[in-house]
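A quick write-up on the structure given underneath.
The values are calculated or read from the model by the stated rules, or taken from the named source; none is laboratory data. Just so it is clear, the model here is predicted, and its values are computed rather than measured. Cβ placement follows ideal geometry from the backbone for every residue including glycine, while neighbour counts extend to all protein chains displayed. To get the accessible areas, we keep the full protein, side chains included, count just its heavy atoms, and leave off ligands, DNA and RNA. Shrake-Rupley method; radii C 1.70, N 1.55, O 1.52, S 1.80 Å.
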Amino acid sequence: MTQLDRRAFLAAAGASAAVPFAACAQTPTPAWTARATLPWAMQEVYCAVSGGRIVVAGGLRRAGGVTEIEDRTGVYDPAADRWSEGPRLPAPRHHPMIAADAAGRVYALGGYGRSEAGEWTSMTEVWALDGGRWVEAGRLPAPLAETVGAELDGRIHLVTGRSPGAANGQWNDQVDVATHRVFLPGEGRWETAAPCPMARNSAAGAVLDGALWVAGGRTVSGDGTGRLDRYDPQTDRWETRAPIPASPASGQQVGGGLAMAAVGGRLVAFGGEWFAPGGGGGVFPETWIYDPAADRWEAGPDMATPRHGLAAAAVGGVVYALAGGAVVSGGRATGLVEALRL
């Protein structure tokens, strides 16, 4: 090898060795980052994406030992990182399912309201956001709250949740259900689909690869479950996949009050709460990412602010965590918004 050839060889080798190092150095580690805060603190909320904007409505918070049920609507523009206030719900609701149909029309379905029987009265109203107001758009076949809702093939699916037993007004009046109801927005009518394999409440859902996925949740009589169920609308059948792992930090099973979104061919689940025997408990900081091809969950970056009873959405390849409670149970509701780009 001549001296010139040797210099050229060493230069090329040095350049090729530097390329992967530079590429690695320029690739940031995914992390949750702060975005514009919802102007009011709220937990037990859900959201829907319409026209590139995220709509949240209802919720609850504790103030001075009193439960306050919200009727406000917030509209978040991710591109501008800015909130605006939409029309108020016809009546205050907490745990109303917020979902959008294939045309982007946003609905508020069921949830709890206040009645003479109590502030955990499960409702049947269906409201649609129509321009500058919410309008009546039908009724649920039965009262329902703490459900999973998602649009799939032009229909809005409501799966699992809680419905009243013998009475309807207090938290203890509600029981877990495995029901699977399907709303046809254009016709204003309901159909029944195959029930979820496990009755539970406060689970999370997302649509991925033409299927509806329901993850986590808890039961009234038991603890949280990491269970993951997949529904195929073509066959009207469910199958059970790998569960969300337990929390390495607390040893508790991720379950109730979590949120989930689909992005980049994967499911991203995060947050939720757990209760300790005799009182207390905590909020999960973990983020879990599911690969459907491998049927495997992997740990993602911990949440910057762990929360439960929060809403989740994906817009433009970014996952958003909106509002929620920063401590277990009903204390310290927040309006925090944080985003994760994987």
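Figures for the structure shown
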quantity: Ellipsoid equivalent to the stretch 68-108 - semi-axes via the Cα gyration tensor, in Å; calculated: 19, 15, 8
quantity: Calculated FRET value between Thr29 and Ala249, using beta carbons and R₀ = 22 Å, to 0.05; calculated: 0.70
quantity: Global geometry of the stretch 161-237, whether rounded, prolate or oblate, following the gyration tensor of its Cα atoms and the 1.5 cut on a/c; calculated: oblate
quantity: Rg to Rh quotient for the stretch 79-166, alpha carbon positions, Kirkwood Rh; calculated: 0.99
quantity: Theoretical FRET efficiency, 1/(1+(r/R0)^6), r = Cβ-Cβ of Ala276 and Glu116, R0 35 Å, to 0.05; calculated: 0.55
quantity: Distance from the stretch 245-283 to the stretch 43-107 (C-alpha centre basis), Å; calculated: 22
quantity: Simple spin-label estimate for Thr192 and Glu68 in nanometres, 7 Å along Cα-Cβ; calculated: 4.2
quantity: Projected area, mean over directions - the stretch 276-342, Cα convex hull, nm²; calculated: 5.6
quantity: Karplus 3J(HN,Hα) series, Hz, for the stretch 229-235 with 6.51 cos²θ - 1.76 cosθ + 1.60 (x for Gly, Pro); calculated: 10, 10, 10, 9, x, 6, 9
quantity: Rounded accessible area per residue of the stretch 222-342, 1.4 Å, Å²; calculated: 38
quantity: Residue-count net charge about Asp291 - beta-carbon cut-off 9 Å; Lys, Arg +1, Asp, Glu -1; calculated: 0
quantity: Heavy-atom accessible area order for Glu298, Glu338, Glu116, largest first, 1.4 Å probe; calculated: Glu116, Glu298, Glu338
quantity: Share of carbon and sulfur in the accessible heavy-atom surface of the stretch 67-165 [1.4 Å probe, %]; calculated: 43
quantity: Binned Cα-Cα distance frequencies in the stretch 177-320 - 10 Å width, integer %; calculated: 11, 42, 34, 11, 1
quantity: Net charge over other residues, Cβ less than 15 angstrom from the Cβ of Ala103 (K, R count +1; D, E count -1); calculated: -2
quantity: Interatomic Cα distance distribution for the stretch 223-308, bins of 5 angstrom, percent; calculated: 3, 14, 25, 24, 16, 10, 5, 3, 1, 0
quantity: The stretch 114-244 - Rg and Dmax from Cα coordinates, angstrom; calculated: 15.1, 44
quantity: With all protein chains modelled, accessible area of Met198 [1.4 Å, Å²]; calculated: 50
quantity: Kirkwood-based shape ratio for the chain, expressed as Rg/Rh from alpha carbons; calculated: 1.06
quantity: The stretch 17-138 - convex hull of alpha carbons, volume per residue in Å³; calculated: 153
quantity: Spin-label pair Val327/Ala103, simplified geometry with 7 Å Cα→Cβ offset, distance in nm; calculated: 4.6
quantity: Point-to-point label distance, Ala166-Ala80, nm (Cα→Cβ direction, 7 Å offset); calculated: 5.4
quantity: Using alpha-carbon coordinates, inclination of helix 3-26 to the longest axis of the chain, degrees; calculated: 10
